[in-house]
1. By the scheme Lys and Arg +1, Asp and Glu -1, what is the net charge of all other residues having a beta-carbon under 10 Å from that of Tyr171?
2. Could you please state, rounded to a whole Å, how far the C-alpha centre of the stretch 149-226 is from the C-alpha centre of the stretch 117-144?
3. Arranged from highest to lowest average of other beta-carbon atoms within 10 Å per residue, in what order do the peptides 343-353, 376-386, 162-172 appear?
4. Could you order peptides 108-116, 87-95 by the average number of other Cβ atoms within 10 Å of their residues, highest first?
5. Where does each of 230-236, 186-192 land if you order them by average Cβ count within 10 Å, highest first?
6. When the accessible area of the stretch 181-228 is split by element with a 1.4 Å probe, what percent falls to carbon and sulfur?
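The values are calculated or read from the model by the stated rules, or taken from the named source; none is laboratory data. Predicted model only: the values in this text are computed from it and were never measured. Quick reminder, even Gly has a Cβ in these numbers, built from the backbone with ideal geometry, and neighbours come from all protein chains shown. The accessibility values were calculated without ligands, DNA or RNA, using every heavy atom of the protein model including side chains. Shrake-Rupley method; radii C 1.70, N 1.55, O 1.52, S 1.80 Å.
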Amino acid sequence: MTLAPPAVPTSARATTTRSARPIVIGIVALVVVAIVAIVVFAVTRPPARGDDYLSPTSGSPDGARALVHVLGNQGVRVTSATTLAEVRDATADPDTTTIVVYDYYELLGSQQRQMLLHQAHRVVVLDPFDDELADYAPGVVLESNGTYGRIPTDCTLFAAKQARAVTISSYGYDVSNAKNDVVGCYQYAADTYAAIQTTTQGDQVTIVGFSGAFTNGSILESGNAAFALNILGEVPNLIWYLPDYSDYDAGNGSVSAQSLTPPWLTPLLILGGVLLLAVAFWRARRFGPLVAEKLPVIVRSNETMEGRARLYERAGARGHALDSLRIGTIARLAIVCGLPRRSSVDEVVDTVAALVRRPRAEVAGLLIGAVPPTDAALVQLSDELLRLEAEVTKIARS
C-alpha cells in the first residue's frame with residue numbers, strides 16, 4: 001500500500017514559471033537575432049563562386065581548362081599558383097612572364113599586391129574591386145555592373161582589335177580620375193569601360209571586368225577566345241594565380257578576420273547582446289529585492305507526529321492515520337526480520353506469523369485487513385500493532 005506524493009503548491013509552480021520566463025525570452029531573442037543575421041547576410045553577400053571557377057584544371061563550364069590547353073599548344077608555359085610563394089618560385093624572368101590574378105574575395109592585402117607587381121612586368125587582373133584597384137590602377141574605381149551582350153571593339157588595344165567583338169557580362173571601371181594614362185576598351189558609359197590597360201610602377205597592368213569570358217562555357221562566344229589568348233599569351237610564361245587562405249599569414253595585418261566580416265555583423269551582434277541583457281534585467285526586477293531569511297528551525301519528531309495526528313482527527317481521516325501506522329510498522333518489522341528492502345507485504349506477513357506462531361489470517365488482518373469503525377477501535381488497533389512489533393523484536397533478538 002503506497003501513499004500519493006504531496007502535491008506541489010500552486011505558489012511554487014508559479015515561482016518556477018516566472019523564473020523560467022527570462023531564459024525563454026532570452027532564447028527567443030537570440031533566435032530572432034540569428035534569423036535576421038542570416039537573412040541580411042543572404043541578401044548582402046557577394047555572388048557565390050564555385051570552387052572550380054576559373055580553375056586552370058577544371059573542365060566544368062566555370063573552369064578554364066580549355067583556355068589553358070590552347071595557350072599550351074601555342075607555346076605558352078602555364079603554371080598554376082595559389083600562394084605568393086608559388087608565384088615567386090615560378091617567376092624566372094619578369095620580362096617574359098605574365099601573371100593573371102583572380103582574387104574575388106580580396107584575400108590579398110595591399111602589401112601583397114605590391115609584391116605581386118614586382119614579380120612580373122605584365123599583370124592581368126580579373127574583376128578587381130576598389131581596394132584592389134587602388135594598388136593596381138590608382139584612381140580607377142568600380143562604377144557598376146554592365147549588361148550581358150555582344151560589344152564590338154572600340155579601342156587600340158591589340159587583344160581587343162584581334163577579337164573584334166566579345167560577348168560579356170562585365171564590371172565597369174570609371175577612369176575619369178585615373179592617376180596614370182589608360183587605354184579603355186568596351187565602353188558602355190562616359191569614362192567607364194569593361195577593360196582598361198595602364199602602367200603602374202613601371203609595369204603593364206590590364207584590368208579585365210569580364211572574367212566569365214575566360215571560362216569553358218563562354219570562351220567560344222564571339223571573340224572571347226581571341227581576346228583571352230592575346231591578352232594572356234604575349235610572352236612565353238604565364239602564372240595563373242588564384243589566391244587561397246594560406247596567404248593570410250603573409251598579409252602583415254592587411255587581411256584579418258575583421259576585414260572579412262561584413263560591416264553590418266558586428267553592430268547587429270552588439271544590438272542583440274544589449275537586447276538580451278535588457279530583457280534579462282527587466283524580467284529579473286520582477287522577482288523583487290532579496291529577503292534575508294533564517295534557516296528552518298529543528299522540529300522534534302513527536303511534535304510532528306502529534307500535529308499530523310490532530311490534523312487527521314480534525315478531518316476524520318481514520319484511513320490515512322491507519323495507513324501511516326501500518327506502513328511504519330511493516331517497514332520496521334521487515335528490518336527486524338532481516339528481510340530485503342524490496343520484500344512484499346505478503347512476505348512480511350508470512351515471516352512475522354512464523355516468528356510469533358500465530359495464524360497468518362490474524363497477522364494479516366492486523367497489518368492489512370482490519371478497518372476500525374471508530375476512533376477508539378483505531379487506538380486499540382494501534383496498541384495491538386505496537387505489541388506485535390515489540391513481540392517480534394524480542395523474538396528476533398533472542
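1. Result for the neighbourhood of Tyr171: -2.
2. 13
3. 162-172, 343-353, 376-386
4. Going by the mean number of other Cβ atoms within 10 Å, highest first, we get 108-116, 87-95.
5. Per-residue mean Cβ counts within 10 Å order the peptides as 230-236, 186-192.
6. Numbers: 730 of 1550 Å².
Taking all protein chains in place, the stretch 181-228 shows 47 percent carbon and sulfur surface.
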